[in-house]
Amino acid sequence: MAYDAGWAVAGWATDAGPGRSGDPGDRRGLGDRRGPKRPGRSLVTRSSTRLATLPDTMTTTMTTSNRRIADPASATIRPRPILVVDDDPKIVRLVRTYLERDGHDVVSAADGRAAIAAIERHRPALVILDLMLPEIDGRDVIRALRRDEAATGRASIPVLILSARGSLGDRIAGFEDGADDYLPKPFSPAELSLRVGAILRRVAAGSPGDPSPATAGSTGEGPPRPPLRQADVVIDRDRHEVTRGGVQIPLTYVEFRLLETLVEADGRVLSRDQLLDAVYGADATDVLDRTIDVHVGRLRDRLGDDADRPRYVMTVRGVGYRSAPAGPGR
């Protein structure tokens, strides 16, 4: 299908293509001709989509949302912005419009170096990141962010990759680098908006004290939950912290939720689908089933765990994962 850049920019608000009514409630992507969605999951993905292609161009500008707060009282606690990193200004405008329509503040960067600077300056609630960037590649941006969080103990910032690199290998590599979600281009802006909302809700549920868009103004009141323990690891669910021998271990939201779910299961074996539902939600149908294997590997690296002699996370071949049983010296 030929790409009409002028139409795509002019018709972004409704995802409407030539000959379509432009119903703003339509969540399919530009030029989508799919039939009814099939239920169930495949061995590789939980569903698949086919959408029109958006081109990549280059720019090196960095912009900030110029929206104003309507209610002066809300200025006391400003929600952290969402950082959009892409070198195509048309895509940045498209994503910005959908996010601002949902009430989010947005900042943007057009290359990897500017992205790292924007992360340090704004500490965004979420980073939406292209991979093929000038200056510094998007994968290197994720690695730099995760190294900084590990070194400083800062709370993990979720990253959603939005890239034309959509192969299975690319997606697995993105998760290995520390991404929390992955949406290949071409994409539906409405689907992106839903994924952003889901990520922010998950982070808010795990971090009651975090002033993210979903939790700004929340008091975080409620009875404290007792910590979970696995060998010498302590999981503080209210503070969203994990310590081993009294030393804090920085985990991404997905890693934290994965560990919490396994320990809460108290030795029961959980399948990959069960873990995906616990981490991403039952409605996240486009997440790779093998993504859990990648996250388990990263979690083991963070904990210093050995897959052959596990102290924390045990693999049950052909079934899934469980928390490792306590044993002598554990």
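Points worth noting:
- The residues on offer are 305, 301, and the sole one that is out of contact with any Gly (no Cβ under 9 Å at 6 or more places or on another chain), in a helix (DSSP H, G or I) and among the acidic types (Asp, Glu) is 301.
- Taking the criterion of being crowded, with 24+ Cβ neighbours inside 10 Å, under 15 Å from residue 231 (Cα atoms) and modelled with pLDDT under 90, no residue of the stretch 246-267 qualifies.
- Residue that is among the acidic types (Asp, Glu) and at pLDDT below 90, where the choices are 221, 191: 221
- Condition broken by residue 239, with the remaining ones in (1) without any contact (Cβ under 8 Å) to a residue 24 or more places away in the chain; (2) surrounded by fewer than 18 Cβ atoms within 10 Å (Cβ to Cβ) satisfied: (1)
To keep it simple, each residue is scored yes or no on (1) modelled with pLDDT of 90 or more; (2) among the hydrophobic types (A, V, I, L, M, F, W, C); (3) assigned by TED's automatic domain parsing to the domain that holds residue 126.
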position	(1), (2), (3)
272	no, no, no
282	no, yes, no
298	no, no, no
310	yes, no, no
314	yes, yes, no
329	no, no, no
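- Residues of the stretch 224-243 classified as touching an Asp or Glu at 6+ places or on another chain (Cβ under 6 Å) and either at pLDDT below 90 or assigned to a helix (DSSP H, G or I) (or both), total: 2
- Which numbered condition residue 123 misses (of (1) surrounded by fewer than 17 Cβ atoms within 10 Å (Cβ to Cβ); (2) in contact with a helix residue (DSSP H, G or I) (Cβ under 8 Å, 6 or more places away or on another chain); (3) not hydroxyl-bearing (Ser, Thr, Tyr)): (2)
- Applying the set (1) farther than 24 Å from residue 201 by Cβ; (2) touching a Pro at 6+ places or on another chain (Cβ under 6 Å) to residue 172 leaves exactly one unmet item: (2).
The values are calculated or read from the model by the stated rules, or taken from the named source; none is laboratory data. Quick caveat, the model's predicted, so the values are computed rather than measured. Virtual Cβ from ideal backbone geometry, glycine too; neighbours counted across all protein chains shown.
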